[in-house]
Amino acid sequence: GDSWTPGGARQDQDSLASTAATSVTSPSVAMPALTWVTRPDGQFAAPALPGVNLGGMNVPVEGVPSGALTYLFFTTGYSSATGRHTSSVLAHMTGLDVPGLKVDHTVASDRFLNVSVVTVGPTAWIYGSGPYRSSPVYLARVPLAQLASRSAWEYLRAGAGPTATFGPGESTATPVSPVACVGELSVRQHPGNGLFLMTYNCDQPRGIQLRWARHPAGPWSKQITIFDPAKDVDHGYEHFIHAHETVVGHDDGLS
C-alpha cells in the first residue's frame, strides 16, 4: 500500500515486504522484521504499470502465486470527488521482479474492486467488494491457469456449497453476505481445520468482522466482531488509527 520515505522524498508509492514469521504471538511482542523488495539503490521497489495511475489511494490489494509467476490485483481509478474507485487491474511478474510487472487486464467494476483470492486445487476463488463500506461480498471462480482472462471468470448466482450455481457476467453476481458495509476484505483457508475464514472492515457494527464457512461458496456463519477500534475497547482510535477531529474534538496527530 501507499508508502512514504523520511522527509517525504517518495510519497503515494507502493512497497512490498515479507517476513519469515508465521504468527505474532501477542500484542506486546514487536512486529517481526520485514525484508523489503528493493531497487539497486536500496530504496523500495514500487510497482509501476503503463497507463495506470498508481498514485495515492490506488493500491495493490492482493497477491496470488502461480508457479513461477506472481499475480497482483490493484484497485484504481480513485476520485476524490466521489470518494470511490472504478477499476480493477491485474498484472503479473516473475517471482518478485517488480520492475518486470506486465498488465493482464484492466476492467471497470463495481463488485470486485477490493479482492481476496483463495486457491483450492486448480481453482481460484475470488471474493470481492465494490464501493468502499457500501458493498456486500461477492464471489467468482476461475481455473488458476486462466486467472488473467477476466472473461473466463464465473460468478456466484445462487445457492451455496457444492451445489452453488455460477455463470458469466459480473452483473449477475449475487452477494454471499447480507451486509452492505464492507471495505477491505481478506479470505484464507485455515491450514489446520480447513475452514474458510473471511475478515472485513465494516461500520455496521464498526470494526473488523469474522465469518467462517466449510466450503469456499459458503454458507457463511454470522459475523463476529474480532476487533473494535474504540479507544476504550481495543485501543485503535487515537493509538494507531486516526480519529476524526469533529468526533474527538482535537487533532490526534495520526493520519
Exercise for the section: Could you tell me whether Gly121 is closer than 25 Å to Arg211 by Cα, over 18 Å from the mean Cα position of the chain (by Cα) and small (Gly, Ala, Ser)? Expected result: yes
Practice task
State all residues of the range 1-21 that are of a type in the set (S, T, N, Q) and over 16 Å from Pro60 (Cβ atoms); if no residue qualifies, say none.
Solution key: Thr5, Gln11, Thr19
Completion exercise
If we take the range 126-220, then strands (runs of 3 or more DSSP E) inside it with 3 or more residues that are among the hydrophobic types (A, V, I, L, M, F, W, C) and out of contact with any Pro (no Cβ under 9 Å at 6 or more places or on another chain) are 196-203
Exercise for the section: For the range 191-224, name all the residues that are in contact with a His (Cβ under 9 Å, 6 or more places away or on another chain) and under 13 Å from Gly161 (Cα atoms). Expected result: Phe196, Trp212
Problem - Residue within the range 75-82 that is modelled with pLDDT of 95 or more, out of contact with any strand residue (DSSP E or B) (no Cβ under 6 Å at 6 or more places or on another chain) and of a type in the set (A, V, I, L, M) present - result: no
Exercise for the section: Evaluate the following for Gly63: is it surrounded by fewer than 19 Cβ atoms within 10 Å (Cβ to Cβ), within 23 Å of Gln209 (Cα to Cα) and of a type outside the set (Ser, Thr, Tyr)? Expected result: yes
Exercise for the section: Read through the list (1) crowded, with 19+ Cβ neighbours inside 10 Å; (2) closer than 26 Å to Gln189 by Cβ; (3) of a type in the set (Val, Ile, Thr), then give the number of the only condition that Thr76 fails. Expected result: (2)
Practice task
Would you please name the residue that is surrounded by the most Cβ atoms within 10 Å (Cβ to Cβ), looking only at residues in the range 228-252 that are under 14 Å from Arg206 (Cβ atoms) and acidic (Asp, Glu)?
Solution key: Asp234
Completion exercise
Val115: passes all of (1) more than 19 Å from Trp220 (Cβ to Cβ); (2) modelled with pLDDT of 95 or more but (1)
Problem - Residues (among the hydroxyl-bearing types (Ser, Thr, Tyr) and modelled with pLDDT of 90 or more) located in the range 176-200 - result: Ser186, Thr199, Tyr200
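The values are calculated or read from the model by the stated rules, or taken from the named source; none is laboratory data. Being a predicted model, the structure only gives us computed values, none of them experimental. When we count neighbours, we look across all protein chains shown, and the Cβ atoms used for this are built from the backbone with ideal geometry, even at glycine.
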